[in-house]
Amino acid sequence: MNSHLELSVRLVEVGARDGLQNEKRTLAPAIRVELLKKLANAGLRTLEAGAFVSERWVPHMAGSGDVFKALPDLPDVTWTALVPNARGLEEALAAGCREVAVFAAASEAFSQKNINCSIAESLERFEAVMVRARDAGVRVRGYVSCVMGCPFTGHVKPETVAAVSAALYGMGCYEISLGDTIGTGTPAATKALLDACTQVVPVNALAGHFHDTYGMAIANIHTALGMGVRVFDSSVAGLGGCPYSPGATGNVATEDVLYLLNGLGIKHGVDLDAVVDAGEFIDAHLGRETASRVARALLAKRRREA
Ligand code: HMG
Ligand code: MG
């Protein structure tokens with residue numbers, strides 16, 4: 001890749017939602033708020049703070065309303081939430097949420113398992129969400145899951161992802177986050193995916209959302225950067241997975257993405273050491289080790305130098 005001087009990337013921190021929704025322990029809203037504040041203080045500017053979904057389906061996100069009510073208004077910080085339907089949007093608005101995300105899939109089987117409806121039905125539901133969100137002055141992001149593989153049916157065609165992305169973009173989602181839910185993607189698959197999606201959605205409205213199950217997330221991000229993508233989703237300490245995606249591990253770790261961007265000289269505005277601290281905080285609450293190789297290396301270095 002050529003020099004990235006002057007380039008900048010926006011990270012969407014999804015640890016407090018995508019991460020925590022699939023950890024063994026369910027954390028109280030107060031701890032989730034504490035984590036989110038630490039991440040915002042580290043310089044992250046877009047943070048997914050919860051999900052207004054059925055508590056029966058995803059118990060970890062119970063109390064998302066309390067999280068939003070407790071979050072401070074910080075300059076330039078956007079706290080966002082997932083909403084699966086009109087009810088979710090109403091609850092998000094009532095809690096003071098100013099940006100939401102709807103989530104579709106490029107696999108029928110995954111759509112059924114995740115939100116109990118077909119892809120077409122989900123898009124119909126989201127149309128209603130868009131109308132109400134527009135009235136309320138709330139921006140909507142769109143996710144597409146299973147962009148490089150489905151846990152139930154395997155291969156997913158880039159053209160299918162492009163069609164769902166185009167539908168979400170067409171109904172008014174300002175950005176489409178392409179989710180490699182099960183982390184099976186490779187740089188070649190990422191290229192094929194983006195070749196198809198950039199035909200129908202401008203590249204500056206696309207984001208990469210890579211899970212790191214097969215250790216390819218950083219390579220995939222590097223490929224996507226080379227193709228013009230400038231927004232990536234990541235989780236502090238590589239938290240999480242997806243409750244309806246058996247075997248999937250966490251998102252790419254925020255610390256690992258920051259290290260990559262630092263190495264490429266790409267601006268991001270985030271303090272890597274402060275993210276490592278936030279990771280230590282949340283790992284202690286979860287009783288787990290960090291999944292970030294960069295955090296592991298930096299913590300070991302800190303111990304050596306202490
Ligand atoms: P359903 O059972 O088809 O819907 O669920 P329903 O209308 O029959 O409602 C079932 C129950 O949910 C009822 O309660 C409703 O009141 C309630 P009950 O009578 O059983 O007590 N309900 C709600 N509760 C709270 N908030 C709501 C809401 N709507 C209905 N908004 C539904 C349909 C969509 C609700 C359900 O399937 C659901 O909540 N699914 C969420 C699944 C989820 O959150 N998955 C994880 C996020 S996706 C992801 O992680 C992928 C991503 O990271 C990208 C990637 O990696 O690919 C984004
Ligand atoms: Mg995800």
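The values are calculated or read from the model by the stated rules, or taken from the named source; none is laboratory data. Worth saying up front: this structure is predicted, and the values here are computed from it rather than measured. Neighbour counts run over all protein chains shown; Cβ positions are idealised from the backbone, glycine included. These area figures cover heavy atoms from the full protein model, side chains too; ligands, DNA and RNA do not enter into them. Shrake-Rupley method; radii C 1.70, N 1.55, O 1.52, S 1.80 Å.
Worth pointing out:
- Residue in the range 52-68 that is in a strand (DSSP E or B), more than 8 Å from ligand 1 (Cβ to nearest atom) and charged (D, E, K, R) present: no
- Restricting the range 178-208 to residues that are of a type in the set (Gly, Ala, Ser) and over 16 Å from SER107 (Cβ atoms), the residue that is surrounded by the most Cβ atoms within 10 Å (Cβ to Cβ): GLY208
Each row is one residue, and each column tells you yes or no for (1) in contact (Cβ under 8 Å) with a residue 60 or more places away in the chain; (2) more than 16 Å from ligand 1 (Cβ to nearest atom).
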position: ALA224; (1), (2): no, no
position: THR249; (1), (2): yes, no
position: ALA274; (1), (2): yes, yes
position: ARG293; (1), (2): no, yes
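- Yes/no for ALA49 being within 16 Å of ligand 2 (Cβ to nearest atom), open to solvent by less than 20 Å² (accessible area, probe 1.4 Å) and more than 24 Å from ASP277 (Cβ to Cβ): no
- Residue check for VAL83: open to solvent by 30 Å² or more (accessible area, probe 1.4 Å) and within 16 Å of ligand 2 (Cβ to nearest atom): no
- Qualifying residue in the range 184-200 (condition: away from ligand 2 (no atom under 16 Å from the Cβ), over 19 Å from the mean Cα position of the chain (by Cα) and of a type in the set (S, T, N, Q)): yes
- Of the residues making up the range 117-129, those that are open to solvent by 10 Å² or more (accessible area, probe 1.4 Å) and either in contact with a Phe, Trp or Tyr (Cβ under 6 Å, 6 or more places away or on another chain) or in contact (Cβ under 8 Å) with a residue 24 or more places away in the chain (or both) number 5.
- Exactly one residue out of LEU44, LEU39 is under 16 Å from the mean Cα position of the chain (by Cα), farther than 24 Å from GLU124 by Cα and not in a helix (DSSP H, G or I), and it is LEU44.
Matching residues to (1) within 11 Å of ligand 1 (Cβ to nearest atom); (2) closer than 30 Å to ARG25 by Cα; (3) of a type outside the set (A, V, I, L, M, F, W, C):
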{"site": "ALA136", "(1), (2), (3)": "no, no, no"}
{"site": "LYS157", "(1), (2), (3)": "no, no, yes"}
{"site": "ALA192", "(1), (2), (3)": "no, no, no"}
{"site": "VAL201", "(1), (2), (3)": "no, no, no"}
{"site": "ASN204", "(1), (2), (3)": "no, no, yes"}
{"site": "ALA207", "(1), (2), (3)": "yes, yes, no"}
{"site": "LEU239", "(1), (2), (3)": "no, yes, no"}
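- Scanning the range 72-98 for residues that are over 14 Å from the mean Cα position of the chain (by Cα) and under 23 Å from ASN41 (Cα atoms) gives PRO72, ASP73, LEU74, PRO75, ASP76, VAL77, ALA95, GLY96, CYS97, ARG98.
- Selection status of GLY142, at pLDDT 95 or above, open to solvent by 10 Å² or more (accessible area, probe 1.4 Å) and of a type outside the set (Lys, Arg): no
- From the list VAL276, VAL236, VAL270, the one residue that fits, being open to solvent by 10 Å² or more (accessible area, probe 1.4 Å) and among the aliphatic types (A, V, I, L, M), is VAL270.
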